[in-house]
1. Under 21 Å from the Cα of Lys220, which lysines turn up, not counting those fewer than eight places away in the same chain?
2. Loop-only check: which GluC sites (Glu not before Pro) in the stretch 249-324 are DSSP coil with at most 13 other Cβ within 10 angstrom?
3. When the scattering of the stretch 1-56 is computed by the Debye formula from its Cα atoms alone, each counted once and equally, what is log10 I(q)/I(0) at q = 0.13, 0.31 Å⁻¹?
4. When a/c reaches 1.5 or more, the comparison of a/b and b/c decides; with that in mind, is the stretch 177-300 rounded, prolate or oblate per its Cα gyration tensor?
5. Given that just one value was derived from the coordinates, which of (i) 21.4, 83; (ii) 19.5, 61; (iii) 20.9, 76 is Rg and Dmax of the Cα atoms in Å?
6. Taking the 0 to 90 degree range and rounding to the nearest ten, how far is the long axis of helix 266-281 tilted relative to the main principal axis of the chain, both from C-alpha atoms?
7. Give, rounded to the nearest 20 debye, the magnitude of the charge dipole that the stretch 66-115 has about its Cα centre when Lys and Arg contribute +1 at Cβ and Asp and Glu contribute -1 at Cβ.
8. Under 16 Å Cα-Cα from Lys274, which aspartates and glutamates qualify once same-chain neighbours fewer than 8 residues away are excluded?
Amino acid sequence: MINVRTDLAVEACEIYKKENNREADGVVVEEYEEDETKITKVRVMTEDGAVKMGKPIGNYITLDIPEYTAYDGELMDQVSKVLGKTLKKLANIDENKLALIVGLGNRNVTPDALGPKVTEGIMVTRHLKSVMPDAIDDNVVPVAAIAPGVLGVTGIETGEIIKSVVDKIKPDLVICIDALASRRIDRVNKTIQISDTGISPGAGVGNHRMRINEETLGVKVIAIGVPTVVDAATIANDTIDLVLDDLIGQSEEGKDFYNMLKKVDKHEKSVLIKEVLDPYVGDLVVTPKEVDLMIDSLSKIISNGINIAVQPNMTVEDINKFLN
């Protein structure tokens, strides 16, 4: 089982392969590219594979967005369309079904504000079908959205709030958006993961809450997440690895110093780093300084992608007219 903190199935696969020199049994990985966006599909197919990955059985689709997407409106629209197309296949929704969009996280903490900001850009239509039925086309899918906040602010488990709303309005599909944690620095704010296995609010920072999935809600749940933070111990560990590799490259093979460096156990080293840092920084996570811009851009990409996916009978232009 993967012990390194990561919410990304693609990283769990990479770590397992690196440690075992092979792919995990019961796990299928497929890679392809669409409109400059690299897509990796990870299918965890057996209980054995789920244990090895530390992920429930299901589908995990990762989109690696192109460089500088957050600064380019056309690239943002392009990624939104790829996300929408990918999500549409999992959602499989029509005008007779109700979709509930849930933005998880704390809107007052920027790296955790992704979910609430996504809900602000959702095309909400459930109320319009009853309030002004003549003005709304029958092909428009009823959509509701909620940003339930976090336990520390509301005093109520997020899962309990969502469960209550689901029991009341009875949606056919729930889409949850949340901030995640990554193992690799270069994936922070540059990767979008879609899965059909649900989500645990707060899992990215080691604060596991009630799971939100089909088992707990009684309805299909799709999770969309973006890694916005990385563990501080991971950064320290990777930095020391780079220093060790550089020293080995500069040392003379066969000499005592070279042999000493080669004998360093990287697993033991990472455990030691964690033990040394814990008394001083605890479970510290780090986010890039441009996180404000990235959260704004990513929330627009994801909200547009969701709108495209849950309104299969509408064009992007029609959706934009509605929102404007």
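Read-outs: derived from the displayed coordinates by stated rules, not from any lab. Keep in mind that this is a model prediction, so the values were computed, not measured. Glycine gets a Cβ as well: all are built from the backbone with ideal geometry, and neighbour counts include every protein chain shown.
1. Answer for Lys220, where 21 Å is the Cα cut-off: Lys41, Lys55, Lys85, Lys88, Lys89, Lys97, Lys163, Lys168, Lys170, listed by chain and number.
2. The qualifying sites are Glu252, Glu253, Glu290.
3. -0.31, -1.31
4. prolate
5. It is the value labelled (i).
6. The answer is roughly 70 degrees.
7. With only Lys, Arg, Asp and Glu charged at Cβ, the dipole is about 280 debye.
8. Excluding near neighbours in sequence, the set is Asp231, Asp238, Asp241, Asp265, Asp283.
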